[in-house]
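Report on one structure; see the data block that follows.
The values are calculated or read from the model by the stated rules, or taken from the named source; none is laboratory data. All of these numbers come straight from a predicted model, not from anything done at the bench. FYI the Cβ positions are ideal-geometry reconstructions off the backbone, even for glycines, and counts take in every protein chain you see.
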Amino acid sequence: MTAFKNRDSQRLTHRIFSWVVVWLIALGGFGCQTTPPQPAVWSPRDPNRSIVAGATELPPPQANQEPLPSPTPLPLIELPELPPNINPLTGLPVEDLSRLERRPVMVKISNYPRAGRPHAGLSFADLVFEYYIGYGFNRFMAVFLGQDAEMAGPVRSGRLVDAQLAEMYQGILFYGNADDSTDEEILAELGPRALAEKDVPSPPKYRIQAEIPETTLFVNTRELSDYYTRLGKGSNDRRDLRGMIFSDEIHPVNEPAEFLAVQFSRQARGEWRYDRETGLYNRWIEIGANSDTATIPMEPLVDRINNRPIAMANVILVFATYTELAPTKHNIALFDQNAGKRAVFFRDGVRIEGTWKTVSNGRPIQFFNSWGLPMHLKPGPSWIVLVGETSTLTSPAPGQWELRFDIP
């Protein structure tokens, strides 16, 4: 990040950048592939898209243009307003507006043991976070706002990063208990918004019959939200979750990417395969690993509720600092990341380099493209993988990408 010589020049640079961003937002769209940051309501898929009459077209940035020296997180005053029916986490309209008049519901979902698959509820989530939990395994955090899942799970224990994510997205967190020290940190950060299994009745939680006890806990997300409201220990009204910018336009500095694999270990591998017909990335997941062969058998991942494939408009790799406190306990630094760290975006069959930042600990992550401008995500759900800073991303063949997870 470029250091400014003095505070006055820093303020001047910030004002200039802020004015440029706001001006670009007001202009709407270009006649080329590059558009300035714009609210989701201006997506061409929206029949009520508003066009600024007489707007002057700007020359398109060149592919070799130098990145901005200091992409600055946008404060609330500079983020575009969204219509009341637009989901700020997907950029899409919702059918039931009451779902936006509440906090997001965030559920810890197990990926192991494999007997708990297929998962329930992932096809209804607006966001899914994936991260490392130790011994080569990963776990998910599903975020529900625009839709609800009658059954989300199987639910497993909380981790330290859950407190950060739930605070950044102002959510209600449901998890299957945690070790004492982790539980204390989650409660200290979230207060009554931290709902551990031991403190929640049935409904909204449910136990099903299964061979392995770790795969039996599920929750109804709408019932959980209503339960939190009835508790009366905190507000459950609409939160300002602006921060992600959605557009059908694609950043022109990109590379083909119809396949992405994220491998935490030989027993924990996920693949994203781009479907040209739907314009989405379908998730595949490992079904076992044989140490005697180089290949890892995979199968499509579906939702047990509706048998629909897990398909995402955006897959985002967020490079973050992991600090290992114990083999199954890690601190993942998401708070106070104002300098910007690497992010890699996959949308519409292409890969785009960029950065991610946090404007404050109570605000969603903001994403920027290679020019330092707000990244245009494709309208729809996003899957965000928190990978260690020393993880490697390579391309063994054109359009194919392989990430090997690593932490120091």
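Some points to look at:
- Count - residues of the stretch 145-192 that are among the polar types (S, T, N, Q), at positive phi and either crowded, with 18+ Cβ neighbours inside 10 Å or at pLDDT 95 or above (or both): 1
- Screening Tyr228 on (1) part of a loop (DSSP other than H, G, I, E, B); (2) crowded, with 20+ Cβ neighbours inside 10 Å shows it passes everything except condition (1).
- Taking every residue in the stretch 93-107 that is at pLDDT 95 or above and pairing it with any residue that is among the hydroxyl-bearing types (Ser, Thr, Tyr) and surrounded by 20 or more Cβ atoms within 10 Å (Cβ to Cβ), at least 6 positions away or on another chain, the pairs with Cβ-Cβ distances below 6 Å are Arg102/Ser225; Pro104/Tyr169; Val105/Thr221; Val105/Ser225.
- Some residue of the stretch 232-254 being farther than 27 Å from Gly158 by Cα, surrounded by fewer than 20 Cβ atoms within 10 Å (Cβ to Cβ) and of a type in the set (S, T, N, Q): no
- Wholly enclosed strands (runs of 3 or more DSSP E) of the stretch 69-175 bearing at least 3 residues farther than 27 Å from Ser360 by Cβ: none
- From Asn282, Asn254, Asn220, Asn236, residue being in the same structural domain as Asn307 (by TED's automatic domain parsing), within 25 Å of Leu373 (Cα to Cα) and either modelled with pLDDT of 95 or more or not acidic (Asp, Glu) (or both): Asn254
- For Ala115, the conditions (1) in the same structural domain as Asn254 (by TED's automatic domain parsing); (2) modelled with pLDDT under 85 are fulfilled apart from (2).
- Scan of the stretch 284-300 for residues that are under 17 Å from Phe137 (Cα atoms) and either surrounded by 14 or more Cβ atoms within 10 Å (Cβ to Cβ) or under 22 Å from the mean Cα position of the chain (by Cα) (or both), ordered by number: Trp284, Ile285, Glu286, Ala289, Ile296, Met298
- Any hit, the stretch 209-216, residues being assigned to a strand (DSSP E or B) and under 23 Å from Gly134 (Cβ atoms): no
- Of the strands (runs of 3 or more DSSP E) lying entirely inside the stretch 319-362, those carrying at least 2 residues that are over 21 Å from Tyr132 (Cβ atoms) are 350-357.
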